[in-house]
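The values are calculated or read from the model by the stated rules, or taken from the named source; none is laboratory data. Nothing here was measured: the structure is a model prediction, and the numbers come from that model. We place every Cβ from the backbone using ideal geometry, glycine too, and count neighbours over all the protein chains shown.
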Amino acid sequence: MFLKRFRRPKPTTDAEYVATYRATGDLAVLGELYERHMELVYAVCYNYLRDEDEAKDAVMHLFEQLVTDLRRHDVQQFQSWLHSVARNYCLMQLRKKQAHPLATLLTQDAGEGESDDFLLLADAVSDGAELEEDLTRMEACLQTLPAEQRTCLTLFYLEQKSYTDVAHQTGYDLKQVKSYLQNGRRNLKLCMSKQP
């Protein structure tokens, strides 16, 4: 009973965990907080890296990064901040390998009789911070497309499926797939040109 008066109450919200960790530097507190969001971090990493082992490694590296980052940054919304940190970490890993799938989407030849209007987006791509900005804008624009176009673009460019594979996987006929890809690229280009 006497000791209970001197024990700190266990944090319950992300904000309380962050405040406790920043005040004490206790890695056990950070570990508990990170464990609550580990599935999200893994999902983000797997979504970008497309490899189970690389995603697991990224989850571990991100925890190590948080040890210092969380004490340097005043984080208000931990989950959204962590999502951004994980996303940026994965983009950096992909940039190191020079194999980011959206960079491929920006610069890949149209092929198979496709319109090369979309290739104009490649002009906007450059190295370093500008590439990351372009990829971020492209990801945001991709989410604004109709589901059919987004699905076809994702399967064709990001997962590098053939027209036939996309048609088989989605249930659309080949003409629909080509139409969704053409319209999706055009809409993506328009969306990106409207953004600063």
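Using the structure shown, decide if Gln93 is outside the structural domain of Thr136 (by TED's automatic domain parsing) and closer than 16 Å to Pro11 by Cβ. Break it down into steps so the answer makes sense when it comes.
Values: outside the structural domain of Thr136 (by TED's automatic domain parsing): yes; closer than 16 Å to Pro11 by Cβ: no.
Against the criterion (outside the structural domain of Thr136 (by TED's automatic domain parsing) and closer than 16 Å to Pro11 by Cβ), Gln93 does not qualify.
Taking the numbered list (1) of a type outside the set (Lys, Arg); (2) touching a residue at least 60 places away in the same chain (Cβ under 8 Å); (3) buried (at least 17 other Cβ atoms within 10 Å of the Cβ) in turn, Val59 passes all entries but (2). The residues of the stretch 150-178 that are more than 21 Å from Lys189 (Cα to Cα), of a type outside the set (Val, Ile, Thr) and touching a residue at least 12 places away in the same chain (Cβ under 8 Å), listed by number, are Gln169, Tyr172. Criterion applied to Tyr180, Tyr157 was being more than 26 Å from Arg87 (Cα to Cα) and either over 19 Å from the mean Cα position of the chain (by Cα) or surrounded by 13 or more Cβ atoms within 10 Å (Cβ to Cβ) (or both), and the one residue passing it is Tyr180.
Residues checked against (1) at pLDDT 95 or above; (2) in a helix (DSSP H, G or I); (3) within 28 Å of Arg137 (Cα to Cα):
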residue: Lys10; (1), (2), (3): no, no, no
residue: Leu30; (1), (2), (3): no, yes, no
residue: Tyr46; (1), (2), (3): no, yes, yes
residue: Leu66; (1), (2), (3): no, yes, yes
residue: Asp69; (1), (2), (3): no, yes, yes
residue: Met92; (1), (2), (3): no, yes, yes
residue: Ala99; (1), (2), (3): no, no, yes
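If you go through the stretch 32-46, how many residues are touching a residue at least 12 places away in the same chain (Cβ under 8 Å) and more than 14 Å from Val85 (Cα to Cα)?
If we filter the stretch 32-46 for residues that are touching a residue at least 12 places away in the same chain (Cβ under 8 Å), which is where we start, we get 32-34, 36-38, 40-42, 44-45.
Those left that are additionally more than 14 Å from Val85 (Cα to Cα): 32-33, 36.
Counting residues in the stretch 32-46 that are touching a residue at least 12 places away in the same chain (Cβ under 8 Å) and more than 14 Å from Val85 (Cα to Cα) gives 3.
Confirm whether Tyr180 is modelled with pLDDT of 90 or more, out of contact with any His (no Cβ under 7 Å at 6 or more places or on another chain) and under 24 Å from Asn47 (Cβ atoms).
Details: modelled with pLDDT of 90 or more: yes; out of contact with any His (no Cβ under 7 Å at 6 or more places or on another chain): yes; under 24 Å from Asn47 (Cβ atoms): yes.
Spelling it out, Tyr180 is indeed modelled with pLDDT of 90 or more, out of contact with any His (no Cβ under 7 Å at 6 or more places or on another chain) and under 24 Å from Asn47 (Cβ atoms).
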